[in-house]
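The values are calculated or read from the model by the stated rules, or taken from the named source; none is laboratory data. It should be emphasised that the depicted structure is a prediction, and the values quoted were computed from it without experimental measurement. Here the Cβ is made from the backbone with ideal geometry for all residues, glycine too, and neighbour counts use every protein chain on show. SASA here: full protein model, heavy atoms, side chains in, ligands and nucleic acids out. Shrake-Rupley method; radii C 1.70, N 1.55, O 1.52, S 1.80 Å.
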Amino acid sequence: MTRTPRIRPIALAVIRRGDQLLLDTGFDSLKQEHFARTPGGGIEFGERAEEAVRREIREEYGLTLVDARLLGVLENIFVYEGEPGHEIVYVFEGRFAESWPYEHDTLPAEEGGRAYESVWMRPQDVLDRGWQLHPDGFPALLGLRRTSV
């Protein structure tokens, strides 16, 4: 089913554990491409981007995001599983108020009734594996580049 194209505003959280970021991983079966993205999600009508990223972290992990600061705003135009997408992405850096998530290599999460795990991973390792690090412009925002293929 094809959906009506629209621009979707989202807010993502850069959460660090040393040189690692908390990342959600995925796979586009049509492109045969692995990718990773920091957690977050859609901004609801009437909600500010910072409120949205805090809500998304609370909903997905049951955790509290604190010290959020805006790193930048990116525009992401992409195709996933054959469907075009267009996002305006507010990227925030913050940390969990709780200490226990930093003691585990994966974190359980849930979105829309679907359970999954997020992983702590060095963003440079994502790129060096040949995976995509989304959204468009995110690696440059963090000052990263591919060092191998």
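Per residue, segment 70-149 exposes 56 Å² of solvent-accessible protein surface, assessed with a 1.4 angstrom probe and all protein chains in place. Summing Lys and Arg as +1 and Asp and Glu as -1 over all other residues whose Cβ lies under 10 Å from the Cβ of residue 62 gives a net charge of -3. Of all DSSP beta bridges confined to the chain, the antiparallel ones make up roughly 75%.
For residue 86, the solvent-accessible surface with a 1.4 Å probe is about 50 Å², rounded to the nearest 10. Hey, got a sec? Which GluC sites (Glu not before Pro) in segment 35-85 land in a DSSP loop and have at most 16 other Cβ atoms within 10 Å? Filter output for segment 35-85: 44, 47, 81. Apply 1/(1 + (r/R0)^6) to the Cβ-Cβ distance of residue 30 and residue 58, taking R0 = 25 Å, and write down the FRET efficiency to the nearest 0.05. Calculated transfer efficiency: 0.15. 3J(HN,Hα) along segment 51-61: 4, 5, 5, 5, 5, 4, 5, 5, 5, 7, 10 Hz, from the Karplus curve 6.51 cos²θ - 1.76 cosθ + 1.60 with θ = phi - 60°, whole Hz, x for Gly and Pro.
Ranking 15, 7 from most to least accessible surface, computed with a 1.4 Å probe over the protein chains only, gives 7, 15.
With N the number of residues in the chain, Rg(Cα) / (2.2 N^0.38 Å) evaluates to 1.01. Length gained on full extension, residue 110 to residue 122, computed as 0.36 nm times the residue gap minus the Cα-Cα distance: 2.1 nm. Ellipsoid fit via the Cα gyration tensor, segment 11-79: semi-axes of 22, 16, 12 Å, each the root of five times an eigenvalue, largest first.
Computed from phi, the 3J(HN,Hα) profile of segment 66-82 under the Karplus parametrisation 6.51, -1.76, 1.60 (θ = phi - 60°) reads 10, 6, 5, 9, 6, 8, x, 10, 10, 10, 10, 10, 8, 10, 10, 6, x Hz, with x in place of Gly and Pro. Using the Karplus relation 6.51 cos²θ - 1.76 cosθ + 1.60 with θ = phi - 60°, the per-residue 3J(HN,Hα) values for segment 91-107 come to 10, 10, 10, x, 9, 6, 5, 7, 8, 4, x, 6, 8, 10, 7, 9, 10 Hz, with x marking Gly and Pro.
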